[in-house]
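The values are calculated or read from the model by the stated rules, or taken from the named source; none is laboratory data. For clarity, every value in this text was computed on a predicted model and none was experimentally measured. Please note: Cβ atoms are built from the backbone with ideal geometry, for glycine as well, and neighbour counts cover all protein chains shown.
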Amino acid sequence: MASRKGSQQSRGDGDKYSVLLPTYNERENLPLIVWLLVKYFGESGYEYEIIVIDDGSPDGTLEVAEQLQKIYGKDKILLRPRAKKLGLGTAYIHGIKHARGNYVFIMDADLSHHPKFIPEFIKKQREGGYDLVSGTRYRGDGGVYGWDLRRKLISRGANYVTQVLLRPGASDLTGSFRLYKKEVLESLVERCVSKGYVFQMEMIVRARQLNYTIGEVPISFVDRVYGESKLGGNEIVSFLKGLLTLFATT
Ligand SMILES: Nc1nc2c(ncn2[C@@H]2O[C@H](COP(=O)(O)OP(=O)(O)O)[C@@H](O)[C@H]2O)c(=O)[nH]1
Ligand SMILES: *[C@@H]1O[C@H](CO)[C@@H](O)[C@H](O)[C@H]1NC(C)=O
Ligand SMILES: [Mg+2]
């Protein structure tokens, strides 16, 4: 396929960024998130690839992803689907195996994480040579939009309790918009045992234990417009259980 090169030149600095996009029922969101990623990577000139890990979404997300691959090219869009919903943690592990970049972005595909922040993550990482850069809703211009009070309180509360218990050295523990050196991400996911929301938290806590350096970039988080979130009463109970386990074992 003829690749559609933008007017921008690649920086050719040898760095490549793999973006892991886990999807479950994101048919409505995927075209826009991919378009925005292509736009912001294109404008900044960094080498990149987007890895879509779809878990057998019944809404036809994979078919949409196949169309996008035709539009943007197989070198830019990689499809690494799995047959059924196996969860986010293992979706990342699955995606990393196929990542060809020396840096890996992890972000949600539901447009809660805006690709416009990507150049800031990269700039931050390069400034400090950080092992990981975490997006934060709780510092600087960061913030949360579209959540009701209940959800804001849960998120804040979870962050606060964890700050007190584990002193992880990062301001946003449950967020999942992050940039990692690939080998750092590999070593972290290898060690992390938690599921659900605790997973993101454990990643930061373990990073601190292993003396990895952490940079932060303020981000605004916007709740999804299309589709459903997975936060329910069960998630909250399992979050608390996971947090206590983490506290007891680290
Ligand atoms: N591959 C895969 N992706 C998932 C799974 N569960 C959620 N996702 C994706 O992970 C991201 C975050 O999920 P979401 O439901 O928005 O979580 P929330 O924002 O914390 O409510 C989205 O891109 C989802 O499509 C899963 O089991 N497998
Ligand atoms: C991390 O740094 C501390 C303090 O310098 C040191 O005691 C500890 O052994 C280091 N841990 C690892 C895993 O390197
Ligand atoms: Mg979401």
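If you scan region 194-215, which residues turn out to be part of a loop (DSSP other than H, G, I, E, B), within 23 Å of Ala109 (Cα to Cα) and away from ligand 3 (no atom under 16 Å from the Cβ)?
If the condition is that a residue be part of a loop (DSSP other than H, G, I, E, B), within 23 Å of Ala109 (Cα to Cα) and away from ligand 3 (no atom under 16 Å from the Cβ), then Ser194, Lys195 are the ones that fit.
Within region 102-117, residues that are farther than 24 Å from Glu183 by Cβ have Cβ atoms under 6 Å from residues that are part of a strand (DSSP E or B) and of a type outside the set (Lys, Arg) in these pairs: Ala109/Leu21; Ala109/Thr23; Ser112/Phe221; Ser112/Val222, counting only partners at least 6 apart in sequence or on another chain.
Results for (1) under 18 Å from Ser18 (Cα atoms); (2) buried (at least 19 other Cβ atoms within 10 Å of the Cβ); (3) in contact with a strand residue (DSSP E or B) (Cβ under 9 Å, 6 or more places away or on another chain); (4) of a type outside the set (D, E, K, R), shown as yes or no for each residue.
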site	(1), (2), (3), (4)
Thr90	yes, no, yes, yes
Tyr103	yes, yes, yes, yes
Ala109	yes, yes, yes, yes
Pro115	yes, yes, yes, yes
Gly135	yes, yes, yes, yes
Gly143	no, no, yes, yes
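Just to verify a result, which residue in region 145-175, among those that are of a type in the set (Phe, Trp, Tyr) and surrounded by fewer than 16 Cβ atoms within 10 Å (Cβ to Cβ), is farthest from Asp15 (Cα to Cα)? For region 145-175, the residue satisfying everything is Tyr160. Among the residues of region 43-59, some residue qualifies, meaning at least one is at positive phi and touching a strand residue (DSSP E or B) at 6+ places or on another chain (Cβ under 8 Å).
If only residues of region 150-189 that are part of a helix (DSSP H, G or I) and of a type in the set (S, T, N, Q) are counted, the one that is modelled with the highest pLDDT is Ser187. Screening Asn234 against (1) surrounded by fewer than 19 Cβ atoms within 10 Å (Cβ to Cβ); (2) within 18 Å of Gly89 (Cβ to Cβ); (3) touching a Leu at 6+ places or on another chain (Cβ under 7 Å); (4) not acidic (Asp, Glu) leaves a single unmet condition, (3). Taken together, the residues in region 186-228 that are closer than 17 Å to Ala91 by Cα, hydroxyl-bearing (Ser, Thr, Tyr) and within 13 Å of ligand 2 (Cβ to nearest atom) amount to 1.
In region 146-171, the residues that are touching a residue at least 24 places away in the same chain (Cβ under 8 Å) and closer than 21 Å to Val217 by Cβ reach residues that are assigned to a helix (DSSP H, G or I) and aliphatic (A, V, I, L, M) with C-beta atoms within less than 7 angstrom, at least six apart or across chains, in these pairs: Thr162/Met201; Thr162/Leu243; Pro168/Ile204; Pro168/Val205; Ala170/Ile204.
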